[in-house]
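In what follows, a single structure is set out as structure tokens and then discussed.
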Amino acid sequence: MFLRTLGNTLADSEVDELIVKDWGWPGITIGYHLNPRLHVGYAFQPNRNLVLKEPWTFGEDVKDGNIVVDHNTGTAHSLEGRYFPFKFDLYAAVFLTHVTKAKYNMDFDMINTTMVIGQNSYATDIYAEWNFKSLSTIGIGLGYNFVHRSGLSFDIGLGVPIALSAPFHRNISLQSIQGVTIDQTDLESAKRRIEDEMFFFPIQFHFNLGYNLPWNK
């Protein structure tokens with residue numbers, strides 16, 4: 001429920017709903033304090049399966065359909081450095097992360113009797129599938145880490161990539177559900193439309209419970 005609520009809060013204002021379809025396994029984080037102000041660590045975040053629902057179009061103007069995008073986030077491996085500038089446990093972070101490629105499929109359902117692809121109208125719904133390519137990026141973050149004297153710790157943080165290269169999507173295939181023949185030029189336009197969308201942005205949010213070894217308190 002928490003991840004779903006956060007995702008819907010961070011999502012674009014036009015997104016109708018974001019559903020967590022498959023939670024998968026929890027992630028893991030390990031780290032070491034070089035001194036009271038500097039910390040380095042590694043984080044593993046498993047793949048999540050999400051479903052996105054929103055109005056959309058393969059054209060340029062009016063959104064003439066509704067889409068359901070069933071997609072994976074990919075598995076993320078991150079190296080992170082944290083700096084604690086104050087005596088309390090707020091920190092700033094920089095990270096290098098690698099996200100593995102992930103699969104997408106999309107159902108596009110017409111709102112009216114036709115929809116636009118490129119320069120023409122077609123009386124058809126569309127099914128599309130593609131891959132999100134693997135990527136490596138740097139990012140910045142902010143968080144709070146509290147360590148109890150017993151060694152139990154609580155950590156909450158948010159990381160945002162600042163260097164991403166496009167296009168993100170490849171191996172795009174589309175088909176007409178009603179068997180309508182779509183002009184090749186319009187098909188290429190539809191593929192470019194998908195390439196220009198993110199659908200999923202690899203923001204990293206973590207909520208950790210852990211234990212600090214005695215020399216790391």
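For the chain, what is the relative contact order in percent, using Cα pairs closer than 8 Å and at least 6 residues apart in sequence? Don't skip to the answer; put the middle values down first.
Values: 489 pairs, mean separation 35.0, N = 217.
For the chain, the relative contact order is 16 percent.
Considering the values (1) 7, 29, 28, 18, 10, 6, 1; (2) 9, 37, 39, 14, 0; (3) 8, 27, 24, 22, 14, 4, 0, which represents P(r) over Cα pairs in 10 Å bins from 0, in percent as calculated for the structure under consideration?
(1)
How large is the Kirkwood hydrodynamic radius of segment 172-217, counting all unique pairs of alpha carbons, in Å?
Values: mean 1/r = 0.0652 Å⁻¹.
After inverting the pairwise mean of 1/r, the radius is 15.3 Å.
For segment 42-81, report the accessible area per residue in Å² (1.4 Å probe, heavy atoms, rounded to an integer). Please report the intermediate quantities before stating the final value.
Numbers: 1560 Å² over 40 residues.
On a per-residue basis, 39 Å².
Within 10 Å, count the other beta carbons around each residue, average over each peptide in 45-54, 172-181, and list them highest first.
My ranking of the peptides, most packed first, is 45-54, 172-181.
Which is the longest stretch in the chain that no exposed loop site breaks, taking sites as chymotrypsin sites (Phe, Trp or Tyr not before Pro) with a DSSP loop state and at most 13 other Cβ atoms within 10 Å?
Values: sites that count: Trp23, Phe86, Phe88.
Answer - 89-217.
Apply 1/(1 + (r/R0)^6) to the Cβ-Cβ distance of Arg192 and Tyr32, taking R0 = 45 Å, and write down the FRET efficiency to the nearest 0.05.
Numbers: r = 46 Å, r/R0 = 1.02.
Once the sixth-power term is evaluated, E becomes 0.45.
For a label point 7 angstrom out from the Cα of Thr181 toward its Cβ, which stretches of segment 91-129 have the backbone nitrogen within less than 11 Å?
none
So, how do all the Cα-to-Cα distances of segment 114-217 break down into 5 Å bins, in percent, from 0 on up?
Bins of 5 Å from zero give 2, 10, 15, 13, 10, 9, 8, 8, 7, 5, 4, 4, 3, 1 percent of pairs.
Can you pull the percent of the chain's accessible area that's carbon plus sulfur, 1.4 Å probe, other chains left in place? Write out the running numbers ahead of the final one.
Details: 7220 of 12450 Å².
Solvent-exposed carbon and sulfur of the chain make up 58 percent of the total.
Could you work out the percent of alpha carbon pairs in segment 15-139 separated by over 17 Å, rounded to a whole number? Intermediate results must be reported in sequence, preceding the final value.
Numbers: 5302 of 7750 pairs.
Value for segment 15-139: 68 percent of Cα pairs lie more than 17 Å apart.
Please work out whether segment 103-171 counts as rounded, prolate or oblate from its C-alpha gyration tensor, where a ≥ b ≥ c are the square roots of the eigenvalues and a/c under 1.5 means rounded, while otherwise a/b larger than b/c means prolate and anything else oblate? Each step should come with its number before you reach the end.
Details: a/c = 3.87, a/b = 2.66, b/c = 1.46.
The shape class here is prolate.
In terms of Cα to Cα distance under 18 Å, which lysines are near enough to Lys87, apart from those fewer than 8 places away along the same chain?
Hits, sequence-local ones excluded: Lys217.
In degrees from 0 to 90, rounded to the nearest 10, what is the angle of the helix 184-195 Cα long axis to the longest principal axis of the chain?
With both axes taken from Cα atoms, the answer is about 20 degrees.
The values are calculated or read from the model by the stated rules, or taken from the named source; none is laboratory data. All figures in this text were calculated on a predicted structure; none of them were measured in a lab. Counting neighbours? That spans all protein chains shown, and the Cβs are built from the backbone with ideal geometry, glycine included. Just the protein is used for accessible areas: all its heavy atoms, side chains included, with ligands, DNA and RNA removed. Shrake-Rupley method; radii C 1.70, N 1.55, O 1.52, S 1.80 Å.
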